[in-house]
């Protein structure tokens, strides 16, 4: 699989949905496979809230595989011997694209808390700039899970002629009160970390790691299903020799402690807040008098909508809602309810049913 | 309704399940109604993890009604014109009974983090001391929701001849991996508050309020159902004039901020940790080779087991498991699945079906 990683710099000013502007921005991208002569084999994959541009393959010996490595690759579901796959770290992220930890061209200092609010629409607009830069006439497919699926949906609404297919997986046309509440608790935990310093921790060379860790621990619970946790951990006690923390009794606690700590080492707290706020505010129907059917009448792409039975964070009703509105709006769409052993995280993992339905969709006629 | 509040001091040493001892302890109790001549109308109600002895009525003009005020009172479900209701703040709590904020008779200082680990069994043992003190031959019923229901179940196992009926509501015979994980996140948030001081915050005259607040915000999400939050808050934006916190966008965020702050003012962080640990460790089958049926063979009381459809924290499968084991063990029991609009918190609120089934159970023959 031919892999290419690059940081692109765009000089044009981008106006964000919030009204703020970025005078110039950077996008960290990674591509897999090659663009064909007809330029009709390009697939954009959009990451979920804590993901980044590294979607497939392993960059270094023993390194971490990309977040969708089970799906993207030669002879895999999104077959990189046929398709040119583009993956981009979103604005506001912390892995190379313009975000809180990058340097503002205006002040020559790290943005920190001053990085403006971003939205799913803003990401799609930035990705459209990328499409033009790559001289691709249209995406054959835009795909993603969770917040990534929201971007795929937004693409089909914002740029109907620039996208042939949208794969909207484990996603929602707007998140629930409960989702917002869980995001707010995570933000509260981070904001109240003694090292948060109102978001300007970088100025003091400190990091709110404790807050990030606890927020991620909470996140992890919501990404997994109750059944999956029961199967993996049950009520098994952690052996004293392998305890991460003195206070831990059960294996499940130890696992969360470990995962949380790992995350806190690498992720940025301001990005966490920005990304979850973007998830909260996503609501494409708001531009169409809260009428999702009216909103969907913009769409020309074919839609693939998938939900997972074990997902309690974005339950299957969310997928069904999208499908019903698509039908009413006369959009070509298919909805599939998949098993999935991993709760909300199921979209990250291969299963035969999931792979074959997504592959058939991608390789179907337009 | 005749109401009596009293702090009782017991001089006897109590040995806790952990192996630690308390040389003397205090119990804060509240009673409603009067013990009859036959002493066969006494009902013990057990509080859930953040509750206390104040279960019914309103202590002061404009004060907060007790946590089960919709259920307990003259002519209510647990009718205080017929029954003598006893409510006790549990050991390890922070409302008058021996716990982290009370004074150790050994050191003459506040226990703080040194207060020993407590368990559901320990609470039941302390309540048994109370039963003897009150010179009541046996409880007509022990009842509670959530962690309170676990105490009712433990009573029927520990002291089969001292309890006629047990009402086990929105409870479980042991909690799941997911429940433990949620408790651990709450504890992690509290422990990592800059003011936690390894649990000895009282020595510095500070309180880990920020951690307690965020932990409670998380708790609130789990106590309510997704449907209830949707109905109450949906995605409504909070008006700027009534925002509690600058960072709040949605009503649901504001509500959680408010509830969390209120709680942090009154509850004790060490108690929070102790109470959730008691919930995690509850597993009566562990004394019977993990065989719940064998464990239930101790029981002589009649059981009333109720679960609520909207409860995702302690879902109805938990109630069914108790019922199935009761049937196999030959215990007289009835299981009811109730609607309940409030998720896990439904056990706190009156509904006709809930009230009539619990009342019928209480007033049935032994």
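Brief remarks on what is shown
- Some residue of the range A:266-279 being within 22 Å of the chain's Cα centre (by Cα), within 30 Å of residue A:196 (Cα to Cα) and part of a loop (DSSP other than H, G, I, E, B): yes
- Of the residues making up the range B:243-264, not one is more than 14 Å from chain A (Cβ to nearest Cβ) and buried (at least 18 other Cβ atoms within 10 Å of the Cβ).
- Taking the conditions (1) modelled with pLDDT under 95; (2) out of contact with any helix residue (DSSP H, G or I) (no Cβ under 7 Å at 6 or more places or on another chain); (3) surrounded by 24 or more Cβ atoms within 10 Å (Cβ to Cβ) in turn, residue B:240 satisfies each one other than (3).
- Qualifying residue in the range B:191-206 (condition: over 20 Å from the mean Cα position of the chain (by Cα), within 11 Å of chain A (Cβ to nearest Cβ) and under 26 Å from residue A:176 (Cβ atoms)): no
- Filtering the range A:321-350 to residues that are in a loop (DSSP other than H, G, I, E, B) and within 30 Å of residue A:65 (Cβ to Cβ) leaves A:339, A:340, A:341, A:342, A:349, A:350.
- The condition of being within 11 Å of another protein chain (Cβ to nearest Cβ), modelled with pLDDT of 95 or more and either crowded, with 16+ Cβ neighbours inside 10 Å or under 25 Å from residue A:171 (Cα atoms) (or both) holds for only one of A:282, A:267, that being A:282.
- Evaluation of residue A:318 against (1) part of a loop (DSSP other than H, G, I, E, B); (2) within 14 Å of another protein chain (Cβ to nearest Cβ) (one fails), failing number: (1)
- Scanning the range B:13-36 for residues that are more than 23 Å from the chain's Cα centre (by Cα), assigned to a loop (DSSP other than H, G, I, E, B) and in contact (Cβ under 8 Å) with a residue 60 or more places away in the chain yields one hit, B:35.
- Checklist (1) assigned by TED's automatic domain parsing to the domain that holds residue B:317; (2) surrounded by fewer than 23 Cβ atoms within 10 Å (Cβ to Cβ) applied to residue B:163, failing item: (2)
- Leading residue by the ranking (farthest from residue B:330 (Cα to Cα)) among those in the range B:153-178 that are part of a helix (DSSP H, G or I) and at the interface with chain A (Cβ under 9 Å from one of its Cβ atoms): B:178
- Selection count where residues are farther than 17 Å from residue A:360 by Cα and either touching a helix residue (DSSP H, G or I) at 6+ places or on another chain (Cβ under 7 Å) or surrounded by fewer than 24 Cβ atoms within 10 Å (Cβ to Cβ) (or both), scope the range A:140-152: 5
- Residue A:233 being outside the structural domain of residue A:108 (by TED's automatic domain parsing) and in contact (Cβ under 8 Å) with a residue 40 or more places away in the chain: no
- Residue match in the range B:219-236 (condition: more than 8 Å from every other protein chain (Cβ to nearest Cβ), more than 31 Å from the chain's Cα centre (by Cα) and assigned to a loop (DSSP other than H, G, I, E, B)): yes
- Some residue of the range B:198-212 being in a helix (DSSP H, G or I), surrounded by 22 or more Cβ atoms within 10 Å (Cβ to Cβ), at pLDDT 95 or above and in contact with a helix residue (DSSP H, G or I) (Cβ under 6 Å, 6 or more places away or on another chain): yes
- Checked against the criteria, residue B:184 counts as assigned to a helix (DSSP H, G or I), within 19 Å of residue A:245 (Cβ to Cβ) and facing chain A (nearest Cβ under 9 Å).
- Residue B:111 meets each of the listed conditions (1) over 17 Å from the mean Cα position of the chain (by Cα); (2) surrounded by fewer than 19 Cβ atoms within 10 Å (Cβ to Cβ) apart from (2).
- Where residue B:28 falls short, out of the listed (1) in contact with a strand residue (DSSP E or B) (Cβ under 9 Å, 6 or more places away or on another chain); (2) farther than 16 Å from residue B:124 by Cα; (3) modelled with pLDDT of 95 or more; (4) surrounded by 15 or more Cβ atoms within 10 Å (Cβ to Cβ): (2)
The values are calculated or read from the model by the stated rules, or taken from the named source; none is laboratory data. Just so we're clear, the structure is a prediction, and the values are computed from it rather than from any experiment. So basically every Cβ, Gly included, is an ideal-geometry build from the backbone, and we count neighbours across all protein chains shown.
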